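Notes to accompany the following structure.
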Amino acid sequence: MAGVVFDHSALLAFGAGHRLLSALVVQAHRGSNRRLFVPALCLAAASARRPALGEHVGALPMMDVAELRYPGALAVGQLVKQGVDWQLAHAVVLGRPDPEWPEGRPVLTESPKAYAGLGVVTIDIG
């Protein structure tokens, strides 16, 4: 099973009707083996700029909003301390390899350079 992470820029693009992202969501809805992850902090950042987006994403069962639990909060805090923008930090934590996702999950973004050196694979949606 494959998984991808939507960062805040990908969520905003999706909300604006990005064709490829919309197609990805439709495929996941139809039962593809792809899981779509939405970091809660990325959703918060995108919702701040486009308020109805949060409700839209929340209504789509194939988009799994990933909570920021204790270990994630510590990891995000460490990244922010190192100078990583908080809007990216939760996507970085979800994108990095872990026991459940040993190869990590690619992060869909309009700003792949912002993730340079952070240990995640990005997919440029721009």
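The values are calculated or read from the model by the stated rules, or taken from the named source; none is laboratory data. From a predicted model like this one, the values you see are computed outputs, not experimental measurements. Positions of Cβ are generated from backbone atoms using ideal geometry, with glycine treated the same way; all protein chains shown enter the neighbour counts.
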Open item on the list: Tell me the residue from Ala52, Ala59, Ala28 that is among the small types (Gly, Ala, Ser), free of Cβ contacts under 8 Å to residues at least 60 places away in the same chain and either surrounded by 14 or more Cβ atoms within 10 Å (Cβ to Cβ) or under 19 Å from Pro112 (Cβ atoms) (or both), please.
Closed with: Ala28
TODO: Could you check Val120 against (1) at pLDDT below 95; (2) outside any strand (DSSP E or B) and say which number it fails?
DONE: (1)
TODO: Output the residues belonging to segment 74-113 that are of a type in the set (Phe, Trp, Tyr) and in a loop (DSSP other than H, G, I, E, B).
DONE: Trp101
Open item on the list: Go through (1) modelled with pLDDT of 95 or more; (2) part of a helix (DSSP H, G or I) for Pro71 and report which single condition fails.
Closed with: (1)
Task: First in segment 78-106 and on the phi > 0 side of the Ramachandran plot, second anywhere and assigned to a helix (DSSP H, G or I), Cβ under 7 Å, 6 or more apart - done: Gly104/Gly95
Open item on the list: Just the residues that are of a type in the set (Gly, Ala, Ser) and under 29 Å from Arg30 (Cβ atoms), please, taken from segment 56-103.
Closed with: Gly58, Ala59, Ala66, Ala91, Gly95
TODO: Answer yes or no as to whether Gln82 is under 12 Å from the mean Cα position of the chain (by Cα) and either surrounded by fewer than 16 Cβ atoms within 10 Å (Cβ to Cβ) or more than 14 Å from Val4 (Cα to Cα) (or both).
DONE: no
